[in-house]
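One structure is given below, encoded as structure tokens.
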Amino acid sequence: MIKVYCYSKCTTCKKALKWLDDNKIQYQLIDIKEDHPDEKTIRQLHKKSGLSLRKFFNTSGQLYREMELSKKLVDMSEDEMYKLLASDGMLVKRPLLITDDAVLTGFKEDDWKAVL
């Protein structure tokens, strides 16, 4: 089953869910604010994704900016980044798409088509 972590007020998430619905793709919706991934899950998703860990951060989010993470991440270890991502779902790039074979951060239709 495909899992999608989303935030209900996020326009990009709404666009991604509409795309899934329009393409009749079934998925399990998880509210990233209320039920965000824990550190172990983030570690697993990161490894599975093949992406840079920085790609998991919601760089346009209010919390990211308030914490001035653009300046702080460069000096953080991966362990510190994992803990930070697990501390608040609003720090995680969304939507977060998880399939049996892939993990994608954000919504780029061509990438989602390739995976789904």
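Testing Asp35 on (1) closer than 17 Å to Met81 by Cβ; (2) exposed (fewer than 12 other Cβ atoms within 10 Å of the Cβ); (3) in contact (Cβ under 8 Å) with a residue 40 or more places away in the chain, one condition comes back false. Which one is that?
Asp35 satisfies all of (1) closer than 17 Å to Met81 by Cβ; (2) exposed (fewer than 12 other Cβ atoms within 10 Å of the Cβ); (3) in contact (Cβ under 8 Å) with a residue 40 or more places away in the chain except (1).
For the range 67-116, give me each residue that is in contact (Cβ under 8 Å) with a residue 60 or more places away in the chain and surrounded by fewer than 20 Cβ atoms within 10 Å (Cβ to Cβ).
If we filter the range 67-116 for residues that are in contact (Cβ under 8 Å) with a residue 60 or more places away in the chain, which is where we start, we get 89-90, 92, 94-99, 106-107, 109, 112, 116.
Once the filter is applied, which keeps residues that are in contact (Cβ under 8 Å) with a residue 60 or more places away in the chain and surrounded by fewer than 20 Cβ atoms within 10 Å (Cβ to Cβ), the range 67-116 yields Met90, Thr99, Gly106, Glu109, Leu116.
Given (1) surrounded by 15 or more Cβ atoms within 10 Å (Cβ to Cβ); (2) closer than 23 Å to Lys14 by Cα, where does His46 come up short, assuming only one miss?
It fails just one condition, (2).
Among the residues of the range 32-87, write down those that are among the hydroxyl-bearing types (Ser, Thr, Tyr) and touching an Asp or Glu at 6+ places or on another chain (Cβ under 8 Å).
Initially, the range 32-87 is screened for residues among the hydroxyl-bearing types (Ser, Thr, Tyr), giving 41, 49, 52, 59-60, 64, 70, 77, 82, 87.
Within the range 32-87, just Tyr82 meets the criteria.
Can you list the helices (runs of 4 or more DSSP H) lying wholly within the range 10-104 that have 1 or more residues being modelled with pLDDT under 95 and small (Gly, Ala, Ser)? Quick ask: steps written out before the conclusion?
Working: elements: 11-22, 39-49, 62-66, 69-72, 78-87.
Once the helices (runs of 4 or more DSSP H) in the range 10-104 are filtered for at least 1 residues that are modelled with pLDDT under 95 and small (Gly, Ala, Ser), what remains is 69-72.
In the range 57-66, what residues are under 20 Å from Ile30 (Cβ atoms) and surrounded by fewer than 17 Cβ atoms within 10 Å (Cβ to Cβ)?
Answer for the range 57-66, where residues must be under 20 Å from Ile30 (Cβ atoms) and surrounded by fewer than 17 Cβ atoms within 10 Å (Cβ to Cβ): just Leu63.
The values are calculated or read from the model by the stated rules, or taken from the named source; none is laboratory data. If you're wondering where the values come from, they're calculated on a predicted model, not measured in any experiment. Positions of Cβ are generated from backbone atoms using ideal geometry, with glycine treated the same way; all protein chains shown enter the neighbour counts.
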